[in-house]
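Presented below is the structure to which this report refers.
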Amino acid sequence: MGEKQLSELSKKTVDSEFFTLIPDGYKKGKVKYVVITGSVISGIGKGTVTSSIAKLLEERGLKVSPMKAEAYYNVDAGTLNPFRHGEVFVLDDGTETDMDLGSYERFIDRNLTKENYLTTGKILSEIIEKERAGKYLGRDVQFIPHVTGETKKYFRQLAVDSRADVVLIEIGGTVGDYENMYLLEAARQLRYEEGEENVCFINLTYIFEPKTLGEQKSKAAQLGIKKMIEMGLMPDIVICRSENPVHDNIREKISVFSNVPLNRVIGLHDSENFYQIPLMLKEKGLDKAIFESLKIEEKKLQNNNSLEKWTEAMTVKNPKKKITIGIAGKYTGLKDSYISIIKALEHCEAEFKVKIEVKWIEATEIETGKKKVEDVIKGVDGLIVPGGYGKRGAEGKIECVKYCREKNIPFLGICYGLQMALIEFARNVLGKEDANTIEIDSETKQPVICLLPDQKKIEGLGGNNRLGGFDIKVKENTIAFKLYGKNTIRERFRHRYECNPEFIKEFEEKGMVFSGKSPKVDIMQILELPKHKFFLGTQFHPELTSRPLKPSPCFKGLIKACL
Ligand code: GLN
């Protein structure tokens with residue numbers, strides 16, 4: 001479809017079956033799209049592959065803007081339980097998103113915005129709002145063309161807003177799900193309107209290797225791809241995930257079956273080192289396959305081997321030392337709920353060329369007396385108490401903090417972890433036995449953690465969370481200042497409660513230092529105990545801004561103290 005045709009279509013959206021909403025400033029052909037879908041099973045690393053593609057293209061000088069399009073009906077990830085869905089990743093603009101956005105940001109080393117994250121809930125709520133306002137001018141509002149039309153508008157809006165050369169769209173779920181069908185259909189229409197050379201479909205599939213057979217089997221992958229073809233989505237590239245390297249005959253089968261040239265059927269087997277994946281994909285020709293499919297002239301792109309250098313820097317071949325960091329949380333059964341913390345530790349591994357072992361400490365087990373704090377913390381070089389909500393596990397976390405404070409074990413308390421540290425200090429140093437957060441005990445006589453007056457006005461779950469990036473003023477001659485090396489820093493928040501200003505003086509008199517404050521109001525954001533080996537609490541989440549080759553200063557401080 002030509003530029004003119006496309007703009008003609010956009011003018012008659014009400015009476016036509018096309019419903020193609022073209023955002024202001026959009027120019028067809030200026031931006032290319034790569035759509036990543038999954039087949040056969042979920043959980044095989046679509047987010048990692050998408051992030052790797054973003055990295056590969058950026059390394060060649062292309063500006064990439066990745067989008068995660070989720071099929072769930074939640075408007076955002078704010079109300080999702082991390083135990084079911086993995087960590088809620090908060091963007092600088094305050095959007096609560098899927099953890100894949102964290103992966104994108106870390107790989108391209110750039111902040112993303114709400115435009116990079118789409119959910120069915122977001123699209124539908126907008127459509128219903130528009131319908132109530134009479135914006136569809138008497139039309140019956142339908143799955144096709146309206147839901148798909150609004151979806152395409154989001155894709156194109158991201159192209160305009162991000163000024164990207166390539167927009168990556170990762171579609172949540174797998175091909176064949178009911179929920180994501182409108183996304184796949186929108187992608188199909190996008191290719192129809194933008195042209196084949198402007199939209200590339202990559203399918204990530206899985207090659208099984210049942211132990212009883214001892215050989216790789218491609219049938220499930222074939223069926224998954226067939227499902228895609230049935231929906232009118234011809235893949236341009238197929239990436240085959242597998243446990244062991246994919247055999248050539250399997251790649252050949254997939255090629256014949258899916259109409260995809262053999263050089264564009266790429267095997268990607270399980271890898272020990274996560275940071276090798278982009279380079280592995282490059283060596284298998286994924287970037288070339290994308291350029292070929294999108295008719296991007298490769299010779300015009302930069303090529304300075306920066307990916308090789310990055311991979312080298314992120315790889316720890318012979319660790320100088322091995323340390324163990326305990327994480328005392330309550331979602332320890334699902335590591336994805338703390339993924340950014342794990343990543344921040346990995347960034348430190350590369351920085352210090354050490355191996356960091358994580359020991360998961362289930363706080364509820366300490367609380368219920370099933371395990372003793374000294375037994376679980378034994379052998380741990382440092383401890384992190386991560387963010388959290390609610391009563392369950394809190395007393396266990398408080399016991400862990402007490403142990404670290406008394407035994408001089410390096411400690412980093414994040415968000416709820418900072419609040420636990422304040423409660424512990426209030427109870428055991430200030431002698432306020434009843435000290436608590438009003439989140440747990442609304443009747444406590446010593447509410448060291450409470451709602452700030454401003455927040456009390458805002459009602460509703462999620463409504464009064466403080467979300468996103470805020471500036472923090474750092475006090476000179478403190479640990480925090482040494483770590484960050486500047487007076488004003490910016491970090492990301494996701495919390496509802498705060499340190500109660502009424503008690504600050506008492507805390508300070510007993511040696512606690514509040515080294516980070518909000519610039520305008522007197523809200524405490526960082527606490528530290530200067531006499532301790534390393535004892536730091538942050539109301540923000542430093543793990544959200546930690547990046548490869550730029551580890552979070554708070555994590556660096558913790559690991560350095562452990563070493
Ligand atoms: N539950 C605490 C609050 O709302 C801490 C939140 C968190 O750790 N993310 O303030």
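Applying a 10 Å radius around every beta-carbon, put 37-50, 307-320, 251-264 in order of their mean neighbour count, most first.
Working: 37-50: 21.6, 307-320: 14.0, 251-264: 17.7.
Taking the mean over residues of other Cβ atoms within 10 Å, the ranking is 37-50, 251-264, 307-320.
In nm, what is the difference between 0.36 nm times the number of residues separating Lys353 and Leu563 and their Cα-Cα distance?
74.5 nm
Give me the percent of DSSP beta bridges within the chain that run antiparallel, rounded to the nearest 5.
In the chain, approximately 30 percent of DSSP beta bridges are antiparallel ones.
Please report the spacing between the Cα centers of segment 179-225 and segment 357-376 in Å, no decimals.
The two parts, judged by their Cα centres, are 43 Å apart.
Within segment 413-427, which residues have the backbone N less than 11 Å from the label spot 7 Å out from Glu506 along Cα→beta-carbon, could you tell me?
426-427
Once fully extended, how much extra length lies between Met234 and Lys371, figured as 0.36 nm per residue of separation less the alpha-carbon to alpha-carbon distance? Each step should come with its number before you reach the end.
Details: separation 137, 0.36 × 137 = 49.32 nm, distance 5.48 nm.
43.8 nm is the gain from fully extending Met234 to Lys371.
With θ set to phi - 60° and the Karplus curve 6.51 cos²θ - 1.76 cosθ + 1.60, what are the ³J(HN,Hα) couplings of segment 219-230 in order, to the nearest whole Hz, using x for Gly and Pro?
4, 4, 4, 4, 5, x, 5, 4, 4, 5, 5, 4
Could you tell me how many degrees, from 0 to 90 and to the nearest 10, lie between the Cα long axis of helix 553-562 and the main elongation axis, the longest principal axis, of the Cα atoms of the chain?
60
Describe numerically, in nm with one decimal, the distance between label points set 7 Å from Cα along Cα→Cβ at Ala313 and at Lys4.
Reported label-point gap for Ala313 and Lys4 is 5.0 nm.
Looking only at segment 182-200, which residues have a backbone nitrogen under 13 Å from a spot 7 Å from the Cα of Phe18 in the C-beta direction?
Zone members listed by number: 190, 192-195.
Find the relative contact order for segment 25-111 and round it to a whole percent, using C-alpha pairs within less than 8 Å whose residues are 6+ positions apart.
28
Given Leu558, Tyr192, Gly329, which one lies farthest toward the positive end of the charge dipole of the chain, if we put +1 on the Cβ of every Lys and Arg and -1 on the Cβ of every Asp and Glu?
Toward the positive end, the furthest listed residue is Leu558.
In a shell of Cβ-Cβ distance under 10 Å around Glu196, excluding Glu196 itself, what net charge do Lys and Arg (+1) and Asp and Glu (-1) give?
-1
Restrict the search to segment 94-196; then list the trypsin sites (Lys or Arg not before Pro) that DSSP places in a loop and that have at most 16 other Cβ atoms within 10 Å of their Cβ.
Working: sites: Arg106, Arg110, Lys114, Lys122, Lys130, Arg132, Lys135, Arg139, Lys152, Lys153, Arg156, Arg163, Arg188, Arg191; in loops: Arg110, Lys135, Arg139, Arg163.
Here the sparse-neighbourhood loop sites are Arg110, Lys135, Arg139, Arg163.
In debye to the nearest 20, how big a dipole does the chain give about its Cα centre with +1 on each Lys and Arg Cβ and -1 on each Asp and Glu Cβ? Numbers along the way, then the final one.
Working: 87 positive and 82 negative charges, 233 e Å.
Value, rounded to 20: 1120 debye.
Could you give the distance between the Cα centres of segment 240-259 and segment 133-176, to the whole Å?
32
FYI, it's all coordinate maths here, none of it is from the lab. All of these numbers come straight from a predicted model, not from anything done at the bench. Neighbour counts are summed over all protein chains in view; Cβ atoms, including those assigned to glycine, are modelled from backbone coordinates with ideal geometry.
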